[in-house]
Protein chains: 2
Amino acid sequence: MQSNSRQVFFLSNGTAITAETLGMSLLAQFPDHSFQTHTTPFVDSPEKANAVNDDINRCFEESGQLPIVICTMGDEDLINIIKHSKALVIDPFGDILPRLEKALAAQHHQPFESHRTVNPSLYESRIDAIDYAMLHDDGGKMQNYDEADIILVGVSRSGKTPSCLYLALQFGIKAANYPITEEDMETDQLPEPIAPFKKRLYGLTTDLQRLVNIREERRPNSRYASTNQCRFELRAVEEMYMRHRIPYINTSRMSVEEISARIIRDNGLHRIELT
Amino acid sequence: MQSNSRQVFFLSNGTAITAETLGMSLLAQFPDHSFQTHTTPFVDSPEKANAVNDDINRCFEESGQLPIVICTMGDEDLINIIKHSKALVIDPFGDILPRLEKALAAQHHQPFESHRTVNPSLYESRIDAIDYAMLHDDGGKMQNYDEADIILVGVSRSGKTPSCLYLALQFGIKAANYPITEEDMETDQLPEPIAPFKKRLYGLTTDLQRLVNIREERRPNSRYASTNQCRFELRAVEEMYMRHRIPYINTSRMSVEEISARIIRDNGLHRIELT
């Protein structure tokens, strides 16, 4: 345990994805502070809640600083146990649910089941999109591009695969990706497999040093990872984007989440319905 | 626009992932209500905030019901614009940040940048894990199983691939998957490629009707999708799990998020550090 970091706990009786997502956004507001985070999902019994309290209290005693607890627990008995810990306990549901109940003139469902209920058609759409992304990764199965919602293009290691997978998993969007190779750069034409789908193309690019670093990790001291080669490829691909009016973004300082959100916005893509 | 559904807006000046994740968890508390959701990321200027207000107000006028707005906006000027809309505006940051500021004795950073700042080592870990999952999907490249954090096993279409990808993308965990085929079921032994890694195996299974439905969509009227074949495979694979003491879960009523969270918990896996 780092003694100068503030200890932060993300708790839930479910997957704790909500507590963690909200919590990380909140902590990002304090870039000058150092945090050490602990995620504990499935805190779904008084015994487990008491065990977590012991962890939190030990943390307080060892560090001498009040731990921060972000707890998205729908079960009131469980949150009440957590509230007895020596910590700043943040309970967003406790703050928000009463207002929603009033607006909806309804009682909320107990106990809390957020990520547990599965909408089967939502699941199917995601699985279809994942199948599609897997089959159409890295220039695979190019004959099916007419089914793609979007085709990401870019040089090797510019972030195409993670973006396609995230678009599929999170949003049910069918995203293919096609790697622009040196051969493709020798001509002014768009590569043959993607030329008919120009309106669905979206380019990724990245900073030179970042590309060098990423490639160097894969193939140290190779021509592939050399500064000259990376510079040549990035220039060529950005020229290609401009010549053919393919919209593109520089992904260097972006998370996979942000790249995906921008792709959706810039292309007006329809994502699966959440409800 | 469905007239009997309550309209819900998820807004942010960033990706809106936090607003959406929190919002969907909140709505899940009201299973008897019908909602129609709208996600608007990158509301990062007064012009865009005013345009969103127009949408919200139009919604109110058309439906006659107060829309619900979940808005994770760190910029106070922008949230103040949104608060003028005709809606129940929920502003979790406005409620929580002052308490965190007090606990940390700090001012939070303006404007809000949550998903924008990228921790490069975090990014690298995720990319490594994604590369690993792609190479080791569906029994690919079995000689590298010693690098796997976990190896998911199960019959075709039991949810192995999406779970591996989610574990990689979200948690930076190296997850391989190996499909149990009819050949593997003919013997009492574990399949040769996975036998040396018994402690890293984790089984997936699913309900019969669900497997039939999923397979039927892929290969209609096939032996592969027949009730008899699916029943045989599920029985054989569950027997295999029990004979070899491989822990397993039934994924039928679980989201990819929940399957992944359970795999992490049941196997004590270490995920990438968030901070």
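Values quoted throughout were computed directly from the atomic coordinates according to the rules given, and no laboratory measurement underlies them. Predicted model, so just to flag it, every value in this text is computed and none were measured. Here Cβ is always computed from backbone atoms with ideal geometry, including for glycine, and neighbour counts include all displayed protein chains.
For peptide B:29-40, the mean count of partner chain Cβ atoms within 10 Å of a residue's Cβ comes to 5.
Across the identical copies, the 7 Å label point of residue A:219, projected outward along Cα→Cβ, sits 3.7 nm from its counterparts, in ascending order.
At full extension, residue A:253 and residue A:86 could sit 56.4 nm farther apart than now, given 0.36 nm per residue minus the alpha carbon distance. Among B:99, B:200, B:243, the largest mean-square fluctuation in a Gaussian network model of chain B, built with springs joining Cα atoms closer than 10 Å, belongs to B:99.
With angles folded into 0 to 90 degrees, how steeply does helix A:208-218 sit against the dominant principal axis of chain A? Use alpha carbons for both and round to 10. With rounding to tens, the tilt is 80 degrees. Placing a label point 7 Å from the Cα of residue A:80 along the Cα-to-Cβ direction, the distances to the matching points in the other copies come to 4.0 nm, shortest first.
The lysine pair count for chain B, using Cα distances under 30 Å and pairs eight or more places apart or on different chains, is 12. Per residue, the average separation of C-alpha pairs within less than 8 Å and at least 6 apart gives segment A:6-104 a relative contact order of 33 percent.
How much of the DSSP bridge set in segment A:140-275 is antiparallel, in percent, rounded to the nearest 5? Antiparallel bridges: around 0 percent, rounded to the nearest 5. For segment B:6-104, the alpha carbon convex hull comes to 93 Å³ per residue, rounded to a whole number. Rg ratio for segment B:120-267: its Cα radius of gyration over 2.2 N^0.38 Å, N being its residue count, equals 1.02. Starting from the Cα of residue A:265, step 7 Å toward the Cβ, then list every residue of segment B:14-44 with an amide N under 15 Å from that point. Under cut-off, by backbone N: B:14-20, B:39-44.
For the peptide B:173-180, the mean number of other protein chain Cβ atoms found within 10 angstrom of a residue's Cβ is 0.
Angle of helix B:160-171 to the longest C-alpha principal axis of chain B, folded into 0 to 90 degrees and rounded to 10: 50°.
With an 8 Å cut-off on Cα pairs and a minimum separation of 6 or more residues, tell me the relative contact order of segment B:184-250 in percent. Reported relative contact order: 44 percent. Across the alpha-carbon set of chain A, the Rg to Rh ratio works out to 1.08, Rh being the Kirkwood radius.
Stokes-Einstein diffusion of segment A:143-185 at 4 °C, 1.567 mPa s viscosity, Kirkwood radius from Cα pairs, rounded to a whole number: 119 µm²/s. Of A:201, A:152, A:22, the residue with the greatest mean-square motion in the GNM of chain A, using alpha carbon springs below 10 Å, is A:22. Annotation: amide H of residue A:86 within the under-5 Å range of A:57, sequence separation 5 or more or interchain, hydrogens built in the peptide plane. Applying Stokes-Einstein at 4 °C and 1.567 mPa s to the Kirkwood radius of the protein assembly as shown, computed over alpha-carbon pairs, gives a translational diffusion coefficient of 52 µm² s⁻¹. About its Cα centre, segment A:6-104 has a charge dipole of approximately 220 debye under the convention of +1 per Lys or Arg Cβ and -1 per Asp or Glu Cβ, with nothing else charged. With label points defined 7 Å past Cα in the direction of Cβ, position residue B:60 shows copy-to-copy spacings of 4.2 nm, given to one decimal and shortest first. The string of couplings for segment A:11-21 from the Karplus curve (6.51, -1.76, 1.60, θ = phi - 60°) is 10, 6, 7, x, 6, 6, 5, 5, 4, 6, 5 Hz, one whole number per residue in order, with x for Gly and Pro.
For chain A, the longest principal axis of the Cα atoms and the long axis of helix A:92-104 meet at an angle of about 90 degrees. Averaging the sequence gap over all C-alpha pairs within less than 8 Å and six or more residues apart, then dividing by the number of residues, gives chain A a relative contact order of 14 percent. Among B:24, B:185, B:134, which one moves the most in a GNM of chain B with springs linking Cα atoms closer than 10 Å? It is B:24.
Partner shielding of A:12-20 amounts to 5, given as the average count of beta-carbon atoms from other chains within 10 Å of each residue beta-carbon.
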